[in-house]
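K.L.:
Submitted below is the structure of interest, expressed as structure tokens.
The values are calculated or read from the model by the stated rules, or taken from the named source; none is laboratory data. Computed from a predicted model, the values in this text were never measured in an experiment. Cβ: placed from backbone, ideal geometry, glycine included. Neighbour counts: every protein chain shown.
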Amino acid sequence: MVGREEIQLTKEMADDILYAGDAPINEASMHVLISGPALAICFRLLDTDKHFVSLVRKILYEDLTPIDDSKPLEMQLPQRTAYDYYKTYSLTKEEILKKRREEIIKRKEEEREKRARRLSEMQRLARQAIEDTIEARRAEKEKRKLELLKAGNLSALETLKEEPDDEEVDITIPEELSEEEEESSEEECDDEYFPPAGLVIPGFYAPPNDVSKTNGLAILFPNLVLENVTPELEFLPPHVLVMLDITKRYKAIEAISKYRREIIHIGIFKATNPYDGEHVAFSVKQFDKIDKKYNEDLLKLVFMVSIKSDLALLSLVDLGPYYVSADETFGELECAAMFDVNYADDYNEFEDFTH
């Protein structure tokens, strides 16, 4: 963890942070988010070969509670993702007011118990003070007797012995606390807003893609970003388009997994050339889950590949691609035709590289 902030968000800030993300934004979740301080945490992954966004999303949104082999089946926790474990649903107005009343009753009961313990301790201390005072007077009287005896003043000694012990002490044992706290009155406000019931309220949110991650970091941790990130140039590195037959999809992902940083975009298209592409899926994982049947002869796995380093391009060329841009000039035009500026804003196109 490299950053931790408690921030009071506004509606505008929350919208900006959640931009290009997949958080269930609704009246209830937004109301909870801006009703009190939100905790923002920034982590750093030292292993740069892994795609951090995909890794975090898998841990929080996909991985199930592990089974504890040391416990019997009936004592196992339900197998749920962290997201499902912490999410809640908005309550009705009646449920909210009932919960508040129960909390008020609980607070008052706790306060009564606290005051009772305090009163009991004050009474104990008062009794102890009385006993200590009486004991001190007795000790003083015995001391005076001894002094009179040593001085041979027997008449004064007899007079002192006949005096009754003074057990009147000006210390009061309290029967109640002197200042009773006024009970707080929490009246129901007719103008208070209550979101609709039954809406999902997530317990946390982690960005699903690099765009939303970068956006969130810039808003929540601007100083951290400035200290650790060198701003990139506003234009893309030189790049080319590579198209492979869909049957080579698994080999392609395996071949370029260590050159992930050189891949700008990835997708599966129904296409015969760079200009007639029909988008089918953002990733191999997404494609494999599609029920619709396609003619695989027409399907292509398409990459937008940076050629600042030629390692990723060479790895794909070794697989015998269907098409490769002639040079970076053609590559810029062909990639623009395949991948528009908003491509994969709402989906993690690099999920195939998550292990």
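K.L.:
Looking at the structure I just gave you, is residue 160 surrounded by 12 or more Cβ atoms within 10 Å (Cβ to Cβ) and either part of a helix (DSSP H, G or I) or of a type outside the set (A, V, I, L, M, F, W, C) (or both)?
P.N.:
Here the answer is yes, as residue 160 does meet what is asked.
K.L.:
Based on this model, can you work out whether residue 133 counts as in contact (Cβ under 8 Å) with a residue 24 or more places away in the chain and surrounded by 13 or more Cβ atoms within 10 Å (Cβ to Cβ)?
P.N.:
Taking the combined requirement at face value, the residue satisfies it.
K.L.:
Got at least one residue in the range 326-346 being outside any helix (DSSP H, G or I), more than 24 Å from residue 210 (Cα to Cα) and without any contact (Cβ under 8 Å) to a residue 40 or more places away in the chain?
P.N.:
Taking every residue of the range 326-346 in turn, at least one turns out to be outside any helix (DSSP H, G or I), more than 24 Å from residue 210 (Cα to Cα) and without any contact (Cβ under 8 Å) to a residue 40 or more places away in the chain.
K.L.:
Considering each residue of the range 217-252, count those that are in contact with a strand residue (DSSP E or B) (Cβ under 8 Å, 6 or more places away or on another chain) and closer than 17 Å to residue 40 by Cα, and give that number.
P.N.:
Number satisfying all stated conditions: 4.
K.L.:
Given (1) over 23 Å from residue 349 (Cα atoms); (2) exposed (fewer than 15 other Cβ atoms within 10 Å of the Cβ); (3) modelled with pLDDT of 90 or more; (4) not hydroxyl-bearing (Ser, Thr, Tyr), where does residue 238 come up short, assuming only one miss?
P.N.:
It fails just one condition, (1).
Per-residue answers, yes or no, for (1) of a type in the set (S, T, N, Q); (2) over 29 Å from residue 254 (Cα atoms); (3) modelled with pLDDT of 90 or more:
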| position | (1), (2), (3) |
| --- | --- |
| 56 | no, no, yes |
| 70 | yes, yes, no |
| 74 | no, yes, no |
| 86 | no, yes, yes |
| 91 | no, yes, yes |
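K.L.:
May I ask you to list the residues in the range 282-295 that are exposed (fewer than 10 other Cβ atoms within 10 Å of the Cβ), modelled with pLDDT of 90 or more and either among the charged types (D, E, K, R) or closer than 9 Å to residue 266 by Cα (or both)?
P.N.:
289 - this is the single residue of the range 282-295 that is exposed (fewer than 10 other Cβ atoms within 10 Å of the Cβ), modelled with pLDDT of 90 or more and either among the charged types (D, E, K, R) or closer than 9 Å to residue 266 by Cα (or both).
K.L.:
Test residue 250 against the stated conditions and say whether it is of a type in the set (Phe, Trp, Tyr) and closer than 18 Å to residue 326 by Cα.
P.N.:
Judged against the criteria, residue 250 is not a match.
K.L.:
So in the range 303-335, with the set limited to residues that are over 21 Å from residue 247 (Cβ atoms) and acidic (Asp, Glu), which one is surrounded by the most Cβ atoms within 10 Å (Cβ to Cβ)?
P.N.:
334
K.L.:
Being part of a strand (DSSP E or B), without any contact (Cβ under 8 Å) to a residue 24 or more places away in the chain and within 28 Å of residue 206 (Cβ to Cβ) is the requirement here; does residue 280 meet it?
P.N.:
yes
K.L.:
Could you list all residues from the range 315-325 that are in contact with a helix residue (DSSP H, G or I) (Cβ under 8 Å, 6 or more places away or on another chain) and either in a loop (DSSP other than H, G, I, E, B) or closer than 11 Å to residue 239 by Cβ (or both)?
P.N.:
318, 319, 320, 325
K.L.:
Report yes if some residue within the range 12-22 is in contact with a helix residue (DSSP H, G or I) (Cβ under 9 Å, 6 or more places away or on another chain), farther than 14 Å from residue 204 by Cβ, in contact (Cβ under 8 Å) with a residue 60 or more places away in the chain and of a type in the set (Val, Ile, Thr); otherwise report no.
P.N.:
There is no residue in the range 12-22 that is in contact with a helix residue (DSSP H, G or I) (Cβ under 9 Å, 6 or more places away or on another chain), farther than 14 Å from residue 204 by Cβ, in contact (Cβ under 8 Å) with a residue 60 or more places away in the chain and of a type in the set (Val, Ile, Thr).
K.L.:
Among the polar types (S, T, N, Q), out of contact with any Cys (no Cβ under 8 Å at 6 or more places or on another chain) and within 25 Å of residue 8 (Cα to Cα) - does that describe any residue in the range 242-253?
P.N.:
no
K.L.:
Determine whether residue 106 is modelled with pLDDT of 90 or more and closer than 30 Å to residue 59 by Cα.
P.N.:
Considered against the rule, which asks whether it is modelled with pLDDT of 90 or more and closer than 30 Å to residue 59 by Cα, residue 106 comes out as no.
K.L.:
In the set 140, 111, 102, which member is of a type in the set (Asp, Glu) and surrounded by 13 or more Cβ atoms within 10 Å (Cβ to Cβ)?
P.N.:
111
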